[in-house]
Each structure stands twice: as structure tokens, then as C-alpha cells.
Amino acid sequence: MSQELRTVWWEPGAVCLIDQLRLPHEEVTVRCTELAAVAAAIKTMVVRGAPAIGCTAAYGIALVATQSTATDAPALLRELEAAKATLDAQRPTAVNLAWATTRMLNQARALAPSGLEALRTGMLEEAHAVLHEDLAMCHAIGDYGAPLIPERGHVLTHCNAGGLATAGYGTALAPMRTAASQGRTLHVWVDETRPFLQGARLTAWELREAGIPLTLITDNMAGYMMQSGEVDCIIVGADRIVANGDVANKIGTYSLAVLANFHNIPFYVAAPSSTIDLSLATGDLIPIEQRSSDEVTHLGGQLIAPLGVNAAHPAFDVTPNRLITAIITERGVVYPPFTEGLSTAVRRS
Ligand code: MRU
């Protein structure tokens with residue numbers, strides 16, 4: 001029940017990804033053999049979810065290091081810096097992307113004085129470390145989060161913050177996976193998550209693979225379920241958590257938090273410390289990715305709106321800290337006021 005997924009992995013000369021655009025119908029591997037392919041996979045959401053794109057970007061940097069024809073370490077370092085800029089530009093809201101590439105570049109700068117070969121091999125080792133640490137963080141989130149799920153166990157989640165969105169175990173889905181592996185009775189309401197349908201396509205697939213009972217609902221059914229007393233708690237992931245505890249996550253998360261507050265339902269955010277960005281004081285400073293309106297006007301490649309109609313597509317929204325019951329990290333559960341707990345969680349890194 002608690003088995004991990006393989007979302008991102010390395011094969012000699014390639015960053016490998018499970019193609020999340022083809023799920024749930026087909027399990028297809030995408031092999032990215034050059035930086036441009038890694039960047040495109042992140043942009044087009046072949047791979048998505050904040051920690052998963054961080055791991056992918058780390059391997060993207062390692063790919064450049066293994067392929068480079070640079071003749072000395074400073075030249076390779078310059079190539080890696082350019083690769084970081086390319087990767088960081090693909091998706092602006094999820095801070096794990098820049099967190100991972102910054103970590104890779106810091107390690108590159110530390111290794112450069114030891115020479116070209118040390119730098120080359122060190123990059124792959126660091127990317128492996130990013131992946132393995134992400135997996136460990138997700139398991140710890142599962143351990144801290146499982147006891148928060150009430151006994152009756154009807155949990156609502158939004159988007160996909162599962163194994164597919166991480167190195168393999170998930171953030172929001174980790175407490176559910178852990179609770180299920182402990183033999184607890186559990187049922188998950190899965191928001192379909194318009195417009196990109198990560199809930200319907202990915203979370204429903206992932207929970208079914210894990211053997212965890214679920215019911216798929218459209219996003220506009222969530223309020224009805226809460227009003228009917230059918231939701232015991234909500235657990236979502238995060239793309240960026242800022243210093244005061246405001247959280248950016250998939251569009252629609254804010255509406256859920258408002259509804260949860262009205263109905264007195266605990267609202268939890270689960271995320272590793274790599275998602276915490278203490279450089280921003282408040283959520284209004286978080287850049288919100290605007291994606292193509294085609295993702296709103298089309299469903300499965302089919303036009304569903306009048307041709308040429310305007311459509312907006314902010315891909316994320318910001319939930320103010322006052323609507324959040326607690327933030328589940330790999331270092332423990334942080335309760336309001338969040339400022340001190342979050343900075344402790346990050347500083348212990
Ligand atoms: O646009 P996506 O699918 O990358 O958005 C994903 C989310 O919003 C997740 O909730 C978040 O990245 C956390 S994933 C562990």
C-alpha cells in the first residue's frame with residue numbers, strides 16, 4: 001500500500017520521466033537526452049508538482065555536466081549557470097525548481113577548485129542526493145501527518161501532491177499513504193482540479209494504484225460535501241510557502257480554504273522545507289504562473305468554448321495563513337503563528 005512511484009530517474013545519458021500527460025491511460029517513459037528536452041518537459045508538464053520539477057532540474061544540470069565538452073572547471077561552471085537560468089525560467093511559482101538548481105550550483109562552485117572531473121561526477125551525485133532526500137522528506141511528512149487524519153478518515157485533496165509530484169511518495173498524499181499502510185480506514189475526496197485535471201487524471205490513478213478508496217468530484221462539489229458533513233479534513237500540497245505562512249498552491253486551493261474555514265474543517269498544507277521561501281515576507285509577492293488559455297478552452301484537445309473566447313488561466317492562488325490549520329513538514333507540524341516554526345524548519349537544514 002505504501003509503495004513508491006518512479007517519477008524521475010537517471011539512466012546513463014538521460015533524465016527519465018513518467019509522462020504525466022499520458023496518464024492515466026498509458027504509462028510511458030520520456031527520456032530527455034539534452035537540456036532543451038528537460039526544460040520542455042517541465043514547461044509542458046510532462047513532469048509537474050513542485051518537488052518533482054526540482055528533482056528533474058537537478059538531473060538536468062547533471063546532464064549538462066556529463067555532456068559538456070568544456071576543457072576546464074570554470075568553463076563548465078559557466079555552462080551550468082546558463083543551464084540553471086534556462087531551467088528556472090520554465091515555471092515561476094514552484095520555488096523547489098530554483099531551490100534545486102541553486103543547490104546544484106552551490107555544490108558546483110564548491111567542487112570547481114578540485115577540477116573538471118570532480119565537478120562532473122559531483123553533479124550527478126548531488127542530483128541523486130536531491131532525489132533521495134526528497135523521498136525521505138515525503139516519508140517523514142507521512143509520519144507526522146497520518147495522526148492528523150481524523151478516525152473516520154474522509155480527507156479531501158486538490159490537484160496532485162502525490163508520488164507523481166515528488167520523488168515518489170508525495171506530500172499531501174503521504175499522510176494518506178502512511179495512514180493506509182497502518183491499516184487505518186480512509187476515504188479520499190479527489191477534486192478533479194480544472195483546468196488541467198491533475199486530480200482526475202493523476203491523483204485518482206495514484207490512489208487507485210495504492211489501493212486507497214477514493215471518490216472523484218468536480219471542484220464545485222467540494223462545498224456541498226463539506227456542508228453535508230462528508231469531509232473530516234483537507235490536505236493539500238504547496239508550490240511555495242513564504243515567511244508568514246501564506247501558501248501558493250494549485251488554483252482553487254484558496255476557495256477550498258475559505259470553505260473549510262466556514263465549515264470549521266481542519267485545513268492542512270503538507271510540504272518539505274525545500275518549498276519554504278523565507279526570502280518573501282508575504283504571499284502577495286509570490287509570482288503566479290499564467291498558463292495558456294487553451295488549457296481552459298479545450299478539454300482533451302477538444303474545444304469546449306466558443307471559438308476565440310477570452311479565457312484566464314492563473315495556474316496558482318495564494319491561501320492566507322489565517323485560513324491554514326497547520327503546515328506539515330518533514331521536521332514536524334508547524335502551527336500558527338507560522339513565522340517562527342517555518343524559519344526553524346528551514347534553518348535546521
Ligand atoms: O501545476 P502543477 O500540477 O505543477 O501544480 C502542482 C501543485 O499545485 C501541487 O499541489 C504542488 O506542486 C505540490 S506537489 C507535492
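The values are calculated or read from the model by the stated rules, or taken from the named source; none is laboratory data. Predicted model, so just to flag it, every value in this text is computed and none were measured. Using ideal geometry, Cβ is built from the backbone for each residue, glycine included, and neighbour counts are taken over all protein chains shown. All accessible areas refer to the heavy atoms of the entire protein, side chains included, with ligands and DNA or RNA removed. Shrake-Rupley method; radii C 1.70, N 1.55, O 1.52, S 1.80 Å.
Some points to look at:
- Backbone phi angles across segment 28-37, fed through the Karplus curve with coefficients 6.51, -1.76 and 1.60 (θ = phi - 60°), yield HN-Hα couplings of 10, 9, 9, 9, 9, 9, 8, 4, 4, 5 Hz in residue order; Gly and Pro are listed as x.
- The angle between the Cα long axis of helix 95-111 and the main principal axis of the chain comes to about 30°, on a 0 to 90 degree scale.
- Global geometry of segment 8-139, whether rounded, prolate or oblate, following the gyration tensor of its Cα atoms and the 1.5 cut on a/c: prolate
- Close amide H contacts of Glu330 (hydrogens built in the peptide plane, cut-off under 5 Å, sequence separation of 5 or more or a different chain): Ser273.
- Distance between segment 23-60 and segment 240-302 - C-alpha centres, whole angstrom: 21
- Within the accessible area of the chain (1.4 Å probe), percent carbon and sulfur: 54
- In the chain, helical runs assigned H by DSSP with n ≥ 4 each contribute -39500 (n - 2.57); averaged across all residues and rounded to the nearest 500, the mean residue ellipticity at 222 nm is -12500 deg cm²/dmol.
- Using a simple spin-label model with pseudo-atoms 7 Å out from Cα toward Cβ, Ala281 and Ala312 lie 2.7 nm apart.
- Three-way shape call for the chain based on the alpha-carbon gyration tensor, with the a/c threshold at 1.5: prolate
- Shape category assigned to segment 147-348 from the gyration tensor of Cα positions, a/c cut at 1.5: oblate
- For Leu214, the amide hydrogen comes within under 5 Å of the amide hydrogens of Val188, counting only partners 5 or more places away or on other chains and with H modelled in the peptide plane.
- Each residue, Ala110 and Glu295, gets one label point 7 Å from its Cα in the Cβ direction; the gap between the two is 3.4 nm.
- In terms of packing, defined here as the mean over residues of other Cβ atoms within 10 angstrom, the peptides 21-32, 211-222 line up highest first as 211-222, 21-32.
- For segment 61-69, 3J(HN,Hα) computed residue by residue from phi via the Karplus equation (6.51, -1.76, 1.60; θ = phi - 60°) reads 5, 5, 4, 4, 4, 6, 8, 4, 9 Hz, glycine and proline entered as x.
- Using θ = phi - 60° in the Karplus curve 6.51 cos²θ - 1.76 cosθ + 1.60, the 3J(HN,Hα) couplings for segment 19-24 round to 6, 6, 7, 8, 5, x Hz; x is entered for Gly and Pro.
- GluC sites (Glu not before Pro) restricted to DSSP loop in segment 73-171 with at most 13 other C-beta within 10 Å: Glu151
- Rounded to the nearest 5, the antiparallel percentage of DSSP beta bridges internal to the chain is 55%.
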